[in-house]
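Following: one structure in structure tokens, then a few remarks.
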Amino acid sequence: MTVGALVAGAAGRPTLSFELFPPRSPAARDALHGTVSRLAATGPDFFSVTHGAGGGTRDAGCELLRHLRRETRAVAVAHLTCVGATRRQVVDLAEEFFAAGVRDVLAVRGDPPSGRITEPVPDDAVRRACDLVELVHVADRHHRVRAGAAVLPLSVAVAAFPSSRRAGDLQALRAKQDAGASFAITQVCYSAREYADFTGRARAAGITLPLLPGIIPTTDPARLLRLQQLTGVAPPRELLALLESAAEHGDTARERAGTRFGRALARDLLHAGAPGLHLYTFNAAPAALDLLEGVHLGAGTPTVPSSAGRPQASAVPHDAALAAGGSR
């Protein structure tokens with residue numbers, strides 16, 4: 001069963017998923033494998049793996065996808081970006097994923113790598129996410145011809161932006177739907193009311209895609225502010241004030257206050273009709289598991305273990321920032 005079908009309701013309950021980014025060193029890889037093991041114990045429906053802007057983490061990303069497929073029962077979703085890529089390059093990479101057994105893709109436009117000299121954009125470069133979705137389906141048709149046997153269905157996820165009020169963003173989401181998208185994952189979301197409002201506007205625009213909210217652990221104000229710089233999505237002022245006040249009593253108090261906020265947000269999103277929860281983990285299990293503890297996702301999803309621990313770092317790698325926001 002594809003992830004698209006699960007998010008659309010085939011699971012019979014809200015889905016649970018985690019986003020990871022490729023490690024940049026052998027030590028980071030070993031640590032990430034431990035993180036995967038802890039997250040997999042919650043019984044998630046899928047893991048998604050970011051694709052670094054410009055393809056810089058392509059090999060590490062493919063290795064992580066193989067590890068997830070080998071070591072977990074969850075579906076592995078590969079990110080596919082088109083920033084600076086030609087139509088041929090997009091089709092070739094998608095076919096590479098399909099040949100490796102990947103049948104679930106998150107198609108995001110992506111951002112140019114920061115600090116890198118911009119190279120001339122090819123005349124046949126893919127510039128819109130809806131064109132990327134269309135090319136994924138082209139690659140799938142090629143793969144089906146070459147496979148010469150029954151091939152599992154394909155699902156293509158895309159990005160959505162609940163904090164945006166630009167009509168163009170809804171039009172772009174509708175274009176992605178018309179190109180063959182299966183569901184959408186939102187940019188980092190801090191408000192169930194904002195999510196519900198966005199869903200209403202999307203439905204009024206003829207968008208029927210399931211809209212899966214993306215959330216992050218809300219325990220570290222420095223991380224939240226760094227994400228604001230990278231994505232343009234401001235954390236709620238009341239959340240920052242809550243964390244600042246709690247921090248006067250120590251890091252543990254701050255983390256507990258932020259976790260309570262995150263748990264309430266998760267519950268409110270589900271109450272608002274969200275089809276599940278997608279967590280941007282920053283490659284760390286403790287804060288994500290703390291957030292999920294006590295959030296009931298429905299029968300079939302194992303209970304998140306208690307005493308999950310606390311986050312260990314506050315830095316936001318570029319790939320994690322791309323995962324939680326960026327141009328999608």
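Read the figures in this text as sums done on the coordinates, not as results from a lab. Note that the structure is a prediction, hence the values are computed from the model and not measured. Counting neighbours? That spans all protein chains shown, and the Cβs are built from the backbone with ideal geometry, glycine included.
For the ranges 25-36, 80-91, what's the packing order if you count other beta-carbon atoms within 10 Å of each residue, average per peptide, and put the highest first?
Result, highest mean first: 80-91, 25-36.
Using the reciprocal of the averaged 1/r over all distinct C-alpha pairs, how large is the Kirkwood radius of the range 3-324 in Å?
Working: mean 1/r = 0.0501 Å⁻¹.
Kirkwood radius, the range 3-324: 20.0 Å.
Hey, can you rank 279-287, 201-209 by average C-beta count inside 10 Å, highest first?
Values: 279-287: 23.8, 201-209: 14.7.
So the peptides 279-287, 201-209, ranked by packing, come out 279-287, 201-209.
Taking the number of other C-beta atoms within 10 Å as the exposure measure, put CYS62, CYS189 in order starting with the fewest. Spell out each step's value before the answer.
On the way: CYS62 19, CYS189 26.
Lowest to highest Cβ neighbour count: CYS62, CYS189.
Fully extended, how many nm does the chain gain between ARG166 and ALA125 (0.36 nm per residue separation, minus their Cα-Cα distance)?
On the way: separation 41, 0.36 × 41 = 14.76 nm, distance 2.49 nm.
Computed gain between ARG166 and ALA125 is 12.3 nm.
Between HIS142 and HIS33, what is the label-to-label distance in nm when each label sits 7 Å out along the Cα-to-Cβ direction?
In this crude spin-label approximation the distance works out to 3.3 nm.
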